[in-house]
Amino acid sequence: MAANQAPPPHPPQHRPTWLVVLTCLMLLAGGYSLVAGLLKLRDPTMILMVGGSETLDSEADVDLNRQLTAARLAAVTPHRGSLRVEASCEIALALFTLYATAAVFARDRRGRALTLGVGILGIGYQLAVLPLYLALTRDYAARGSALLARSIVENVGPSSADLSPDQITARLHSAIVGGPVVAAAVGIAGSLVLIFFFGGRRGQLLYGIAKLPRTERRGERRENP
């Protein structure tokens, strides 16, 4: 083996706290993404399931919900094909995430490499789908913000800040369009955390790719005789 070549990884001998926490989060994220992808594949309009009248006690409530449903459908229709492709990619990434999670739980020596793959693919996925979701939410915000503002006024009543309907509509528009940006930022941050821990010194030491300096090894032996 060349002197500058890293040794092959070996199975971890223990599970530190950071490994358990991150693996559990991967399990939750992978399971959630799998369910969300399957639901989107079946009905892409579920992405925009927000707002609406909580009760249908009057004809006005029924009409409002009907208009919101029409707005969701009109916003999704131009992007339906792209959304199905996106949902398929989300399902594939979710399955890969669950596979990597199982490898880490089983102390497989490939767990580190698989998790780094999850982090890299997760960043790529978030950046790739962000333009699609921005276009979708802009379309929906243009059609549905005023309807959602009306729904809020009817169900909640006047706000404590005495916002006008136009102000509520403007804030809802910003919130709807900003949603995908926040979701992408959270997803990228999670992927960077995986890369930092599994790709950094902690992950290298855990999987035997790097070794402690002699002084640190002597200190460990003195602490654990």
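No value in this document is a laboratory result; all are computed from the given coordinates. Being a predicted model, the structure only gives us computed values, none of them experimental. For neighbour counting, all protein chains shown are included, and Cβ atoms are generated from backbone atoms with ideal geometry for every residue, glycine included.
In this simple spin-label model, placing a label point 7 Å from the Cα along the Cα-to-Cβ direction at both Val193 and Arg110 gives a separation of 2.6 nm.
Once the chain from Val35 to His10 is taken as fully extended at 0.36 nm per residue, the excess over their C-alpha distance is 5.7 nm.
Maximal additional length on extending the Thr17-Glu59 stretch stands at 9.6 nm, based on 0.36 nm per residue less the C-alpha distance. Label sites at Ala170 and Met49, each approximated as a point 7 angstrom past Cα along Cα to Cβ, lie 3.3 nm apart. If R0 is 30 Å, the Cβ-Cβ spacing of Arg201 and Arg42 corresponds to a FRET efficiency of close to 0.10. With contacts taken as Cα pairs under 8 Å at a separation of at least 6 residues, region 59-134 carries a relative contact order of 27 percent.
Evaluated at q = 0.15, 0.20, 0.28, 0.29 Å⁻¹, the base-10 log of the normalised Debye intensity for region 57-100, with identical point scatterers placed on the Cα atoms, takes the values -0.58, -0.70, -0.89, -0.91.
With 0.36 nm allotted per residue and the present C-alpha distance subtracted, the Ala185-Leu28 stretch has 54.7 nm of extension available. Think of region 30-138 as a dipole: +1 on every Lys or Arg Cβ, -1 on every Asp or Glu Cβ, centred on the Cα centre; then among Phe105, Pro78, Leu95, Phe105 lies furthest on the positive end. Applying 1/(1 + (r/R0)^6) with r as the Cβ-Cβ distance of Arg66 and Ala92 and R0 = 41 angstrom yields a FRET efficiency of 0.70.
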